[in-house]
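Only one structure is covered here, and it is reproduced in the block below.
The values are calculated or read from the model by the stated rules, or taken from the named source; none is laboratory data. Treat the numbers as computed from the prediction; the structure is a model and nothing was measured. Here the Cβ positions follow ideal geometry from the backbone for every residue, glycine too, while neighbour counts run over all protein chains shown. Quick note on the areas: whole protein, heavy atoms, side chains included, nothing else; ligands and nucleic acids left out. Shrake-Rupley method; radii C 1.70, N 1.55, O 1.52, S 1.80 Å.
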Amino acid sequence: MTLRIPKAELPTELRETTIKQFGAVPEPFEVTAHNPKVAHDATEIGAKLSQWDMADEGLKTFAHMAVAAQVGCSWCLDINYFQALNKNLDLTKASQVPRWRESDVFTPLERDVLEYAEAMTSTPTTVTDELYAGLLDRLGPAAMVELTAVIGFANMGTRNNTAHGITSQGFSDACGIPLAARSENPGAVPTAI
(Lines give C-alpha, C1' and ligand atoms only; values in the text may rest on other atoms or scores of the structure.)
Protein backbone atom coordinates (compact mmCIF):
# COMPACT_ATOMS: atom_id res chain seq x y z
CA MET A 1 0.00 0.00 0.00
CA THR A 2 1.18 3.50 -0.67
CA LEU A 3 0.46 6.62 1.29
CA ARG A 4 -2.86 8.18 0.35
CA ILE A 5 -1.59 11.65 1.25
CA PRO A 6 1.88 13.05 0.59
CA LYS A 7 4.24 13.57 3.48
CA ALA A 8 4.41 17.09 4.86
CA GLU A 9 7.73 18.76 5.56
CA LEU A 10 8.62 18.64 9.26
CA PRO A 11 10.51 21.40 11.03
CA THR A 12 14.23 20.58 11.09
CA GLU A 13 14.38 20.26 14.87
CA LEU A 14 11.50 17.77 14.98
CA ARG A 15 12.96 15.81 12.07
CA GLU A 16 16.34 15.55 13.85
CA THR A 17 14.72 14.61 17.18
CA THR A 18 12.67 11.80 15.67
CA ILE A 19 15.66 10.47 13.74
CA LYS A 20 17.68 10.37 17.00
CA GLN A 21 14.82 8.63 18.78
CA PHE A 22 13.74 6.15 16.10
CA GLY A 23 16.51 6.08 13.50
CA ALA A 24 14.07 7.47 10.91
CA VAL A 25 11.17 9.90 10.77
CA PRO A 26 7.95 7.99 11.54
CA GLU A 27 5.53 8.38 8.65
CA PRO A 28 2.56 9.14 10.93
CA PHE A 29 4.43 12.28 12.05
CA GLU A 30 4.97 13.34 8.45
CA VAL A 31 1.32 12.74 7.51
CA THR A 32 -0.26 14.47 10.50
CA ALA A 33 2.10 17.43 10.06
CA HIS A 34 -0.35 18.66 7.40
CA ASN A 35 -2.46 19.81 10.35
CA PRO A 36 -0.10 21.18 13.02
CA LYS A 37 -2.80 21.24 15.72
CA VAL A 38 -3.64 17.58 15.20
CA ALA A 39 0.06 16.67 15.01
CA HIS A 40 0.88 18.58 18.19
CA ASP A 41 -2.05 17.24 20.20
CA ALA A 42 -1.59 13.62 19.06
CA THR A 43 2.10 13.78 19.96
CA GLU A 44 1.27 15.35 23.31
CA ILE A 45 -1.32 12.69 24.12
CA GLY A 46 1.13 9.95 23.12
CA ALA A 47 3.81 11.46 25.35
CA LYS A 48 1.39 11.65 28.28
CA LEU A 49 0.36 8.01 27.77
CA SER A 50 3.99 6.93 27.97
CA GLN A 51 4.22 8.56 31.42
CA TRP A 52 1.31 6.59 32.88
CA ASP A 53 2.56 3.91 35.25
CA MET A 54 -0.36 2.14 36.93
CA ALA A 55 -0.57 -0.70 34.38
CA ASP A 56 2.28 -3.02 33.44
CA GLU A 57 4.24 -1.76 30.41
CA GLY A 58 4.29 -5.19 28.80
CA LEU A 59 0.53 -5.58 29.08
CA LYS A 60 -0.02 -2.15 27.51
CA THR A 61 2.43 -2.81 24.67
CA PHE A 62 1.01 -6.25 23.93
CA ALA A 63 -2.53 -4.82 24.02
CA HIS A 64 -1.57 -2.12 21.49
CA MET A 65 -0.03 -4.78 19.27
CA ALA A 66 -3.22 -6.89 19.50
CA VAL A 67 -5.26 -3.90 18.37
CA ALA A 68 -2.82 -3.30 15.50
CA ALA A 69 -2.98 -6.93 14.40
CA GLN A 70 -6.78 -6.90 14.42
CA VAL A 71 -7.10 -3.57 12.58
CA GLY A 72 -4.30 -4.44 10.16
CA CYS A 73 -1.90 -1.65 11.09
CA SER A 74 1.51 -3.02 10.17
CA TRP A 75 3.12 0.29 11.19
CA CYS A 76 1.87 -0.02 14.79
CA LEU A 77 2.94 -3.67 15.00
CA ASP A 78 6.35 -2.69 13.65
CA ILE A 79 6.96 0.26 16.01
CA ASN A 80 5.56 -1.47 19.10
CA TYR A 81 7.74 -4.52 18.55
CA PHE A 82 10.74 -2.19 18.15
CA GLN A 83 9.72 -0.37 21.34
CA ALA A 84 9.35 -3.71 23.15
CA LEU A 85 13.03 -4.27 22.40
CA ASN A 86 13.93 -0.84 23.76
CA LYS A 87 11.78 -1.35 26.88
CA ASN A 88 13.45 -4.72 27.56
CA LEU A 89 10.15 -6.57 27.26
CA ASP A 90 9.99 -10.28 26.45
CA LEU A 91 10.59 -10.32 22.68
CA THR A 92 9.41 -13.89 22.33
CA LYS A 93 6.03 -12.82 23.67
CA ALA A 94 6.00 -9.59 21.68
CA SER A 95 6.76 -11.49 18.48
CA GLN A 96 3.82 -13.82 19.08
CA VAL A 97 1.11 -11.21 19.76
CA PRO A 98 -0.37 -11.43 16.22
CA ARG A 99 -0.99 -15.16 16.83
CA TRP A 100 -1.49 -15.10 20.58
CA ARG A 101 -4.38 -17.56 20.56
CA GLU A 102 -2.19 -20.32 19.12
CA SER A 103 0.97 -19.43 21.05
CA ASP A 104 1.87 -21.03 24.37
CA VAL A 105 4.09 -18.20 25.67
CA PHE A 106 1.44 -16.02 27.33
CA THR A 107 0.23 -16.14 30.92
CA PRO A 108 -3.52 -16.31 31.66
CA LEU A 109 -3.49 -12.59 32.57
CA GLU A 110 -1.73 -11.68 29.31
CA ARG A 111 -4.24 -13.76 27.34
CA ASP A 112 -7.13 -11.95 29.01
CA VAL A 113 -5.55 -8.57 28.25
CA LEU A 114 -5.10 -9.54 24.59
CA GLU A 115 -8.68 -10.78 24.44
CA TYR A 116 -9.84 -7.52 26.06
CA ALA A 117 -7.90 -5.46 23.49
CA GLU A 118 -9.54 -7.39 20.65
CA ALA A 119 -12.98 -7.12 22.28
CA MET A 120 -12.58 -3.34 22.61
CA THR A 121 -11.49 -3.16 18.97
CA SER A 122 -14.42 -5.12 17.57
CA THR A 123 -17.29 -3.09 16.16
CA PRO A 124 -19.50 -3.13 18.09
CA THR A 125 -17.33 -3.90 21.09
CA THR A 126 -17.63 -7.41 22.50
CA VAL A 127 -16.31 -6.84 26.02
CA THR A 128 -18.15 -9.13 28.44
CA ASP A 129 -18.89 -8.44 32.09
CA GLU A 130 -16.92 -11.57 33.01
CA LEU A 131 -13.80 -10.56 31.09
CA TYR A 132 -13.88 -7.03 32.49
CA ALA A 133 -14.50 -8.18 36.07
CA GLY A 134 -11.69 -10.74 35.88
CA LEU A 135 -9.21 -8.12 34.70
CA LEU A 136 -10.45 -5.54 37.20
CA ASP A 137 -9.99 -8.05 40.02
CA ARG A 138 -6.38 -8.80 38.99
CA LEU A 139 -5.28 -5.32 37.87
CA GLY A 140 -7.21 -3.00 40.20
CA PRO A 141 -9.24 0.07 39.21
CA ALA A 142 -6.36 2.45 38.38
CA ALA A 143 -4.58 -0.01 36.09
CA MET A 144 -7.87 -1.06 34.47
CA VAL A 145 -8.73 2.53 33.62
CA GLU A 146 -5.22 3.07 32.23
CA LEU A 147 -5.23 -0.12 30.17
CA THR A 148 -8.64 0.76 28.72
CA ALA A 149 -7.47 4.27 27.78
CA VAL A 150 -4.31 2.89 26.15
CA ILE A 151 -6.38 0.46 24.08
CA GLY A 152 -8.73 3.29 23.07
CA PHE A 153 -5.78 5.42 21.98
CA ALA A 154 -4.32 2.42 20.10
CA ASN A 155 -7.59 2.15 18.18
CA MET A 156 -7.37 5.82 17.21
CA GLY A 157 -3.78 5.50 16.02
CA THR A 158 -4.18 2.21 14.16
CA ARG A 159 -7.30 3.36 12.36
CA ASN A 160 -5.72 6.69 11.40
CA ASN A 161 -2.61 4.96 10.06
CA THR A 162 -4.49 2.39 7.99
CA ALA A 163 -6.84 5.04 6.58
CA HIS A 164 -3.85 7.13 5.46
CA GLY A 165 -2.12 4.09 3.93
CA ILE A 166 0.77 4.14 6.43
CA THR A 167 2.53 0.77 6.64
CA SER A 168 5.55 -0.76 8.34
CA GLN A 169 8.82 1.16 8.06
CA GLY A 170 11.02 -1.74 9.16
CA PHE A 171 11.70 -0.58 12.73
CA SER A 172 11.29 -4.16 13.99
CA ASP A 173 14.13 -5.36 11.76
CA ALA A 174 16.41 -4.51 14.71
CA CYS A 175 14.72 -7.26 16.76
CA GLY A 176 16.39 -10.66 16.71
CA ILE A 177 13.15 -12.64 16.54
CA PRO A 178 10.85 -12.27 13.53
CA LEU A 179 7.37 -10.90 14.17
CA ALA A 180 4.78 -13.65 13.66
CA ALA A 181 2.04 -13.19 11.09
CA ARG A 182 -1.54 -12.82 12.28
CA SER A 183 -3.38 -16.10 12.55
CA GLU A 184 -5.68 -17.02 9.70
CA ASN A 185 -8.25 -17.98 12.35
CA PRO A 186 -8.14 -15.18 14.96
CA GLY A 187 -10.99 -16.70 16.97
CA ALA A 188 -9.28 -20.07 17.33
CA VAL A 189 -8.85 -21.65 20.72
CA PRO A 190 -5.16 -21.76 21.72
CA THR A 191 -3.43 -25.14 21.48
CA ALA A 192 -1.66 -24.67 24.79
CA ILE A 193 -2.11 -22.42 27.78
Choice from GLY134, GLY72, GLY23 showing the highest fluctuation, given a GNM over the chain with Cα pairs closer than 10 Å: GLY23
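Please state, rounded to one decimal and in Å, the Kirkwood hydrodynamic radius that the chain gives when every pair of distinct Cα atoms enters the mean of 1/r.
Values: mean 1/r = 0.0581 Å⁻¹.
When all Cα pairs of the chain are included, the Kirkwood radius is 17.2 Å.
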Selected from ASN161, ASN80, ASN35 as most flexible by GNM, with the chain as the system and alpha-carbon contacts under 10 Å: ASN35
On Cα atoms only, tilt of 36-51 relative to the major axis of the chain in degrees: 40 degrees
Within straight-line cross-link reach of LYS48, aspartates and glutamates at Cα separation under 12 Å, skipping those fewer than 8 residues along the same chain: GLU146
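Where the only charges are on Cβ atoms (+1 Lys, Arg; -1 Asp, Glu), what is the dipole of segment 32-102 about its Cα centre, to the nearest 20 debye? Numbers along the way, then the final one.
Numbers: 7 positive and 8 negative charges, 27 e Å.
The dipole magnitude comes to about 140 debye.
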Portion, in percent, of the accessible area of segment 57-150 that falls on carbon or sulfur, probe 1.4 Å: 54 percent
Dipole of the chain [Lys/Arg +1, Asp/Glu -1 at C-beta], most positive-end residue of ALA47, ALA8, LEU77: ALA8
Isolated Cys in the chain, by beta carbon distance under 4.7 Å: CYS175
Residue of LEU14, LEU49, LEU109 that the Gaussian network model of the chain assigns the largest fluctuation, springs spanning Cα pairs under 10 Å: LEU14
About the Cα centre, charge dipole magnitude for the chain (Lys/Arg +1, Asp/Glu -1 at Cβ), debye: 400 debye
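With a 1.4 Å probe and every protein chain left in place, work out the accessible area per residue of the chain in Å², rounded to a whole number. Intermediate results must be reported in sequence, preceding the final value.
Values: 10040 Å² over 193 residues.
Result: 52 Å² per residue.
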Residue-level accessible surface for HIS40, protein heavy atoms, 1.4 Å, Å²: 100 Å²
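Length gain on complete extension for the stretch MET156 to THR2, per 0.36 nm per residue less the alpha carbon to alpha carbon distance? The partial results should precede the final answer.
On the way: separation 154, 0.36 × 154 = 55.44 nm, distance 2.00 nm.
Taking 0.36 nm per residue and subtracting the Cα distance, the gain is 53.4 nm.
After finding the eigenvalues of the alpha carbon gyration tensor for segment 119-183, what semi-axes result from the square roots of 5 times each, listed largest first in whole Å? Write down the numbers at each step before the final one.
On the way: eigenvalues 153, 55, 30 Å².
Result for segment 119-183: semi-axes of 28, 17, 12 Å.
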Globularity ratio of segment 66-153, using Cα Rg and 2.2 N^0.38 Å: 1.07
